[in-house]
Amino acid sequence: MANLMNRARDNFLGNNNNQHMHDEGVVMPDVDNSMDDGDMDDPMVLSTPGRTLNATMSDQALNTLNELRRNNLLCDAVISVSDDSFNVHRAIMSASSSYFRAQFTGFNSTSSPEKSDENRSVYIPGMSGAIMEQLIQYAYLRKCTINADNVHELLISADYVGMMGLVTQCKQQLATMLTPENCVSIMGFAKFRFLDDLYAKARNYLLRYFIEVAAKNKDILEIGLKDFYDIISDDELNTREEDHVWKLCIKWIDRDPENRKQYVAQLMQGVRLGLMTPKCFMEEVKEHPYVLQCDDAKPLIVETFKFMYDLDIMNPSSGEVFTKKTNAMLYSLFPLSSNLYVPFRMPFSKKLTTPPLAMPRLPHEVIFAIGGWSGGTSKGCIETYDTRADRWVNIPAEDPAGPRAYHGTAVIGYKIYSIGGYDGVEYFNTCRVFDAVRKNWKEIAPMHCRRCYVSVAELNGLIYAIGGYDGHNRLNTVERYNPKTNQWTVITSMNMQRSDASACTLRGKIYTTGGFNGQECLDSAESYDPATNVWTRIPNMNHRRSGVSCVAFRGQLYVIGGFNGTARLSTGERYDPDAQSWSFIREMNHSRSNFGLEIIDDMIFAIGGFNGVSTISHTECYVAETDEWMEATDMNVVRSALTANNVAGLPNKRDYIHKERDRLMEERRQRLLASAMARDAETISVSNASVETQDAAMDDYDSPNEDDDADDEVDAAAALAPVIEDRHEDQHPDPNRRFRVQLRAQRFGSQHEIRRRA
């Protein structure tokens, strides 16, 4: 009978020599449950080279074998558990499970015909009938029901009987079930079962979504000291503020204060105390009873004060004041330890290094700024922004096909799709894709239309190219790209022609805002519903905006900057889809149009652009909690008409972040020294007219008359009114602008200083 069953299975499955192929992950067409009826006629390549299998015949064969089992036909074995028993075919179960193969053919088998019944029955204590039914169903059909209720028991049972393919599916199911509430328990389960890959995924999830885990997860308070310290001290811990890390430490100690408060000093070494907000450090760390009662914690407080002193002493105007405050604090903390005083005007070391208590953690997200326009020509440069170190990094991965500006980009996975654009000569319908993991560029299918000043958005894995300018006309047409088929499809057009608009995705719809129609800058906006394939007008914005940028943030649509036909704007407004109304937000520090706009660290970053006078590299971020714009480090390259995209979870993110993190203190000192020199030069320039002229000539920003940077908006200005600001700048040049820009750029240190100001 066994030979007959093996022969039948060989005829149907085309594989009689590798009984464990399913356990190695190369299984039947239904293994990933992704096949639909439309795929049934496609041949599926199995593990044996050169052999193919018709999926329809395979499904029919497996279902027939399972039907025979259910009707107890040709069955030659019985599997019993605590509450049920099942008739099975030994050959099928042996081919799917190393445990059953050993039971039926190994140590329990016999060659004596009179004892052939001895290896026909297997009893497994402690396993439920429902779980055994799923194991048998997987053995016959390569399918089973995996859900939150049975996945743990099913994984343990599948591992016990050696069905490794099912173990893999259970691990994948657990990985998809990860939430802030359960990630710690899944991590503990994986560690106990020696499931290293699942453990790594759960731990990475915990680190990436640490803020939510710290707020919602209760299991993290039950883990041991070593595991807890490994988490809070990990460079991969994703937190915008170190305050959250300290507060979790206190919650962990409060869970069992009598036994855990002795570890407060050790936990403090895992927290980046130098990156905490001063308010939290002074009120919740320095004054905390656990810290005051621990002698080992006091040197850490002193070290943190000295670090803060090192930061401020580099500013001569505040060094003395800070020193007095620091000594007063130290005296209140250690009244009998006069040797802990910080000396006034503590000299610098020859080279400042970033101490461990202030070492920035690694970001889980990276902003890519690609292409743009500067100095009258298009640029192909790529920079990435390390939000933890507040640094821009030059990436040597320019597109070999050439630079482009006024293009659009969208991210799917680890790939950045560059759509349309302009290089100073040609308006593109070509599209390129940059793989951030492999660091290479590839050509993809071209669009039906040439599109410069195009708006691009991604929704449900599809990329939408909206409006633009083809070199002759402003467009209202829209087309959609499917990466799986590498094809563009024309869809319903917008209600209005728009070039130099901006688009984003919010609540399953695409919103496009502002733009230029060839005669005027627009204050209108509309949304696209892919379910109905219809564009619908929404209420007009408060300002006309061309060269505008928009993002979806916290359930609302934020529209920022642009050009109103007369001046570049620093204003921003947000649209509430529920109330269907617009409201203003705080103005930016810099007016700008044709700039990058992206969200990272729960803040909106405005990057580069054109301010009506010159192309800029300024970066600033919007903090919604305080409705405030904060300065960040400028880009290395001055440019407008660029795109900015956030790529999350890169496996090679270290290739895109600031490498010399131990030099952040030294870099800050060098910037401060440069700003001091700039102040001296500014003083000279104010009193010397010739220096003023040289300063204007030396300015490395674009000319105030650089019409190319004004793009579509210059067309609008010509049609509407003269640019008053430009004329004023020509008549009354500001000799100190360059130095003011340099001073502003030097004033700001790490990203954590930005948070402190917020």
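The values are calculated or read from the model by the stated rules, or taken from the named source; none is laboratory data. Predicted, not measured: the structure shown is a model, and the values here were computed from it. In this analysis, Cβ positions are derived from the backbone assuming ideal geometry, glycine residues included, and neighbour counts consider all displayed protein chains.
Looking at TYR417, TYR385, TYR406, just one residue is hydroxyl-bearing (Ser, Thr, Tyr) and more than 19 Å from SER617 (Cβ to Cβ), and that residue is TYR417. Pairs are defined by a Cβ separation below 9 Å, a sequence spacing of at least 6 or placement on different chains, a first member in the stretch 569-593 that is at pLDDT 95 or above, and a second member that is β-branched (Val, Ile, Thr) and outside any strand (DSSP E or B); the pairs so defined are LEU569/VAL548; PHE584/THR571; ILE585/THR571; ARG586/THR626; GLU587/THR571; MET588/THR571; SER591/THR571; SER593/VAL548. Number of residues in the stretch 575-633 that are in a strand (DSSP E or B) and among the hydroxyl-bearing types (Ser, Thr, Tyr): the value is 8.
Rundown of residues vs (1) within 23 Å of GLY461 (Cα to Cα); (2) modelled with pLDDT of 90 or more; (3) out of contact with any Pro (no Cβ under 8 Å at 6 or more places or on another chain), yes/no style:
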site	(1), (2), (3)
ASN327	no, no, yes
MET346	no, no, yes
SER349	no, no, yes
ILE367	yes, yes, yes
GLY372	no, yes, yes
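Scanning the stretch 539-560 turns up one or more residues that are touching an Asp or Glu at 6+ places or on another chain (Cβ under 6 Å), free of Cβ contacts under 8 Å to residues at least 60 places away in the same chain, assigned to a strand (DSSP E or B) and crowded, with 22+ Cβ neighbours inside 10 Å. Taken together, the criteria exclude ALA215 from residues that are over 21 Å from the mean Cα position of the chain (by Cα) and either in contact (Cβ under 8 Å) with a residue 12 or more places away in the chain or under 29 Å from ILE600 (Cα atoms) (or both).
With respect to ILE395, determine if the residue is out of contact with any Pro (no Cβ under 7 Å at 6 or more places or on another chain), over 20 Å from GLY649 (Cα atoms), among the hydrophobic types (A, V, I, L, M, F, W, C) and in contact (Cβ under 8 Å) with a residue 24 or more places away in the chain. It is false that ILE395 is out of contact with any Pro (no Cβ under 7 Å at 6 or more places or on another chain), over 20 Å from GLY649 (Cα atoms), among the hydrophobic types (A, V, I, L, M, F, W, C) and in contact (Cβ under 8 Å) with a residue 24 or more places away in the chain. Counting only strands (runs of 3 or more DSSP E) that fall entirely inside the stretch 423-515 and contain at least 1 residues that are buried (at least 23 other Cβ atoms within 10 Å of the Cβ) and not acidic (Asp, Glu), the qualifying elements are 431-435, 455-459, 462-469, 474-482, 502-506, 509-513.
Flag not set for ILE412, criterion: surrounded by 23 or more Cβ atoms within 10 Å (Cβ to Cβ), over 21 Å from ASN636 (Cβ atoms) and modelled with pLDDT of 95 or more. Please go through the stretch 178-212 and pick out each residue that is in contact (Cβ under 8 Å) with a residue 24 or more places away in the chain, in a helix (DSSP H, G or I), of a type in the set (A, V, I, L, M, F, W, C) and out of contact with any His (no Cβ under 9 Å at 6 or more places or on another chain). Within the stretch 178-212, CYS183, VAL184, LEU198, ALA202, LEU206 qualify. Of the numbered criteria (1) surrounded by 19 or more Cβ atoms within 10 Å (Cβ to Cβ); (2) touching a Leu at 6+ places or on another chain (Cβ under 9 Å); (3) assigned to a helix (DSSP H, G or I), the one LEU237 fails is (3). Among the residues making up the stretch 104-124, a single one is at pLDDT 90 or above and loosely packed, with under 13 Cβ neighbours inside 10 Å: TYR123.
I need a count of the residues in the stretch 570-597 that are surrounded by fewer than 23 Cβ atoms within 10 Å (Cβ to Cβ) and of a type outside the set (Val, Ile, Thr). Result for the stretch 570-597: 18.
Evaluated against (1) surrounded by 17 or more Cβ atoms within 10 Å (Cβ to Cβ); (2) modelled with pLDDT of 95 or more, MET359 falls short on exactly one condition, (2). Consider PHE228 carefully, then state whether it is at pLDDT below 95 and either assigned to a helix (DSSP H, G or I) or within 27 Å of THR387 (Cβ to Cβ) (or both). No, not satisfied. Of the residues making up the stretch 636-645, none is farther than 24 Å from PRO396 by Cα and either assigned to a loop (DSSP other than H, G, I, E, B) or acidic (Asp, Glu) (or both).
For beta carbons closer than 7 Å, sequence separation of 6+ or different chains, a first residue in the stretch 404-417 that is in the same structural domain as LEU462 (by TED's automatic domain parsing) and a second that is part of a strand (DSSP E or B) and among the basic types (Lys, Arg), the qualifying pairs are ALA405/LYS379.
Among the residues of the stretch 583-615, those that are out of contact with any helix residue (DSSP H, G or I) (no Cβ under 8 Å at 6 or more places or on another chain) and of a type in the set (A, V, I, L, M) comprise ILE585, MET588, LEU597, ILE599, ILE600, MET603, ILE604, ALA606, ILE607.
MET698 meets all of the listed conditions (1) touching a helix residue (DSSP H, G or I) at 6+ places or on another chain (Cβ under 7 Å); (2) modelled with pLDDT under 90 but one, namely (1).
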